[in-house]
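The values are calculated or read from the model by the stated rules, or taken from the named source; none is laboratory data. Since the structure is predicted, the reported quantities are computational estimates derived from the model, not experimental observations. Quick reminder, even Gly has a Cβ in these numbers, built from the backbone with ideal geometry, and neighbours come from all protein chains shown. Just the protein is used for accessible areas: all its heavy atoms, side chains included, with ligands, DNA and RNA removed. Shrake-Rupley method; radii C 1.70, N 1.55, O 1.52, S 1.80 Å.
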Amino acid sequence: AQTVTQSQPEMSVQEAETVTLSCTYDTSESDYYLFWYKQPPSRQMILVIRQEAYKQQNATENRFSVNFQKAAKSFSLKISDSQLGDAAMYFCAYRRGGANSKLTFGKGITLSVRP
Amino acid sequence: NAGVTQTPKFQVLKTGQSMTLQCAQDMNHEYMSWYRQDPGMGLRLIHYSVGAGITDQGEVPNGYNVSRSTTEDFPLRLLSAAPSQTSVYFCASSYFLSSEAFFGQGTRLTVV
């Protein structure tokens, strides 16, 4: 079974600084997808960034980028120029490619941003 | 574009009561699923569906039923509520199985 591990329950960053959130996963599949979701206090789940396993290039979305290390099964999220609105819970998630694949989530990390 | 609509947003039940959480999407997504979110546990899959008439169990299915009579709707039924079912419930849908999941706003359920 696939597992997703987020070992840090909480992190804090100074506004305008950079922070990296860690995620590791375990799979025997070669075709899969990785995601980072943000959950602000409003409770809404928002997709931050997505990475296809077959792509060697790390995904980037504005201030958000990932460090995808396929051999190490590591998928960390880097937030640059942190803003107060980045304060939220962040979930790493995995989905195998193909039919009937389920989205498996890590336990999440709470990020606080200090003004 | 409404996306994924969940109702209600909040609910308090007494132990033993039954209820249905509603979920509807207007994006013609084939894949729909229900998760529960508990502190320190992340989101855990309850049930999912890959199309109308097809459902399957996820990681924590006990105490819940689902059905998928149409592409748009995927209700979650609590048969006899228990305090252990106190949680935040999310419905999600996606178009391709490899694509991102779109989430409803969640339902906070308290069973007393």
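Among residues that are more than 13 Å from chain B (Cβ to nearest Cβ), part of a strand (DSSP E or B) and on the phi < 0 side of the Ramachandran plot, A:Val66 is included.
Of all residues in the stretch A:30-39, exactly one satisfies the criterion of being outside any strand (DSSP E or B) and touching a Gly at 6+ places or on another chain (Cβ under 8 Å), namely A:Asp31. Do we find that A:Phe105 is free of Cβ contacts under 8 Å to residues at least 60 places away in the same chain and aromatic (Phe, Trp, Tyr) in this structure? When the stated conditions are applied, A:Phe105 does not pass them.
Looking across the stretch A:77-100, just one residue is within 14 Å of chain B (Cβ to nearest Cβ), small (Gly, Ala, Ser) and either over 27 Å from B:Arg36 (Cβ atoms) or surrounded by 22 or more Cβ atoms within 10 Å (Cβ to Cβ) (or both), and that is A:Ala93. Checked across the stretch B:66-86, the condition of being more than 13 Å from A:Leu103 (Cα to Cα), touching a residue at least 60 places away in the same chain (Cβ under 8 Å) and at the interface with another protein chain (Cβ under 10 Å from one of its Cβ atoms) holds for no residue.
How many residues are open to solvent by 20 Å² or more (accessible area, probe 1.4 Å), within 14 Å of another protein chain (Cβ to nearest Cβ) and not in a loop (DSSP other than H, G, I, E, B) if we restrict to the stretch A:106-115? Of the residues in that region, 1 qualify. Among the residues of this structure, A:Leu47 counts as one that is within 21 Å of B:Gly42 (Cα to Cα), out of contact with any Ser or Thr (no Cβ under 8 Å at 6 or more places or on another chain) and not basic (Lys, Arg). The strands (runs of 3 or more DSSP E) located wholly in the stretch B:33-112 that include 3 or more residues which are crowded, with 16+ Cβ neighbours inside 10 Å occupy B:42-51, B:87-94, B:107-111.
Residue count for the stretch A:50-63 under the criterion of being out of contact with any Asp or Glu (no Cβ under 8 Å at 6 or more places or on another chain), within 14 Å of another protein chain (Cβ to nearest Cβ) and in a strand (DSSP E or B): the result is 3.
Checking each residue in the stretch A:61-88 for being of a type in the set (Asp, Glu), under 28 Å from A:Asp26 (Cβ atoms) and out of contact with any strand residue (DSSP E or B) (no Cβ under 8 Å at 6 or more places or on another chain) picks out no residue at all. Scanning the stretch A:3-29 for residues that are assigned to a loop (DSSP other than H, G, I, E, B), within 11 Å of another protein chain (Cβ to nearest Cβ) and surrounded by 12 or more Cβ atoms within 10 Å (Cβ to Cβ) gives a single hit, A:Gln6.
Among the residues making up the stretch A:60-76, a single one is buried (at least 16 other Cβ atoms within 10 Å of the Cβ) and of a type in the set (Val, Ile, Thr): A:Val66.
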